[in-house]
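Participant: Here's a structure for you.
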Amino acid sequence: MSFEITPTVKGEHVDFKNPDPAFYEAIGGEEGMRKLMYNFYDKIYESDIANFFPQDEEEFAEIKEKNTKFFIQICGGPKVYKGESGGMELNEYMVRLHDEFSITEKSRIEWLGTMREALEELEGVDRALTEDFWNYLEHFSKLTVNTFSDGSKYYANL
Ligand code: HEM
């Protein structure tokens, strides 16, 4: 699979499209998404960006579950995350939630690389649907980058 990563350009508008709900169906709905996201977060725990996340096991488990619920909802499944976003549009809420962390392009690439590994472990899922999901992540993740190599900060808007 290609799972290409294109660079984030500070201040540039980012277009993205929510994932095709057919991907959510193809991986087996809620349970499939939980499996994928738990695998991803287990890898995050071992990655170069582990330091961004709580080291306390219970807190980490909570983030893992919230993350799963977000992806269930954004992929067209039941609205299990909606209580968390306080009525804000889901993607907008997710961008703002990342503002409190200093996320660089390097961290984004590590995050995407970790997700790529988890996606490569999926079995029997249509490649085009997985690419569609990847495209959402690849584009959307640019909006979470807020710290640049010259040390400046820029908080993107949708
Ligand atoms: C496609 C891009 C991304 C999506 C959709 C995404 C999604 C999420 C979600 C759903 C959560 C849990 C939210 C909650 O607590 O309710 C979360 C938390 C978090 N994400 Fe992301 N994320 C993305 C990219 C990144 C990147 C590139 C980093 C880089 C380090 C990152 C770092 C974090 C951190 C540090 C937390 C929270 C940990 C805490 O609350 O202590 N995320 N993200």
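The values are calculated or read from the model by the stated rules, or taken from the named source; none is laboratory data. Computed from a predicted structure; not experimentally measured. Using ideal geometry, Cβ is built from the backbone for each residue, glycine included, and neighbour counts are taken over all protein chains shown.
Participant: With respect to Glu105, is the statement that it is within 15 Å of the ligand (Cβ to nearest atom) and of a type outside the set (Val, Ile, Thr) true?
Facilitator: It is true that Glu105 is within 15 Å of the ligand (Cβ to nearest atom) and of a type outside the set (Val, Ile, Thr).
Participant: Separate question: Name every residue in region 108-148 that is closer than 19 Å to Glu46 by Cα and either more than 9 Å from the ligand (Cβ to nearest atom) or touching a strand residue (DSSP E or B) at 6+ places or on another chain (Cβ under 9 Å) (or both), in order of residue number.
Facilitator: Gly113, Thr114, Arg116, Glu117, Ala118, Leu119, Glu120, Glu121
Participant: From Gly87, Gly83, Gly113, grab the single residue that is surrounded by 15 or more Cβ atoms within 10 Å (Cβ to Cβ) and small (Gly, Ala, Ser).
Facilitator: Gly113
Participant: Can you tell me how many residues within region 66-85 are more than 11 Å from the ligand (Cβ to nearest atom) and either out of contact with any Pro (no Cβ under 9 Å at 6 or more places or on another chain) or β-branched (Val, Ile, Thr) (or both)?
Facilitator: Number satisfying all stated conditions: 4.
Participant: Still on this model: Against the definition (away from the ligand (no atom under 13 Å from the Cβ), touching a residue at least 60 places away in the same chain (Cβ under 8 Å) and polar (S, T, N, Q)), how does Asn39 come out, yes or no?
Facilitator: In short, yes.
Participant: Could you pull out the residue among Pro21, Pro54 that is of a type outside the set (S, T, N, Q), more than 15 Å from Ser141 (Cα to Cα), exposed (fewer than 15 other Cβ atoms within 10 Å of the Cβ) and touching a residue at least 12 places away in the same chain (Cβ under 8 Å)?
Facilitator: One residue alone meets the criteria, Pro21.
Participant: Which residue out of Lys64, Lys82, Lys35, Lys69 is at pLDDT below 95 and more than 22 Å from Ser2 (Cα to Cα)?
Facilitator: That would be Lys82, the only listed residue that is at pLDDT below 95 and more than 22 Å from Ser2 (Cα to Cα).
Participant: Being in a loop (DSSP other than H, G, I, E, B) and either buried (at least 16 other Cβ atoms within 10 Å of the Cβ) or on the phi > 0 side of the Ramachandran plot (or both) narrows it down to one residue among Gly11, Gly32; which is it?
Facilitator: Criteria check complete, one pass: Gly11.
Participant: Considering only region 105-154, state which residues are among the basic types (Lys, Arg) and within 18 Å of Ala26 (Cα to Cα).
Facilitator: Correct list: Arg116, Arg127.
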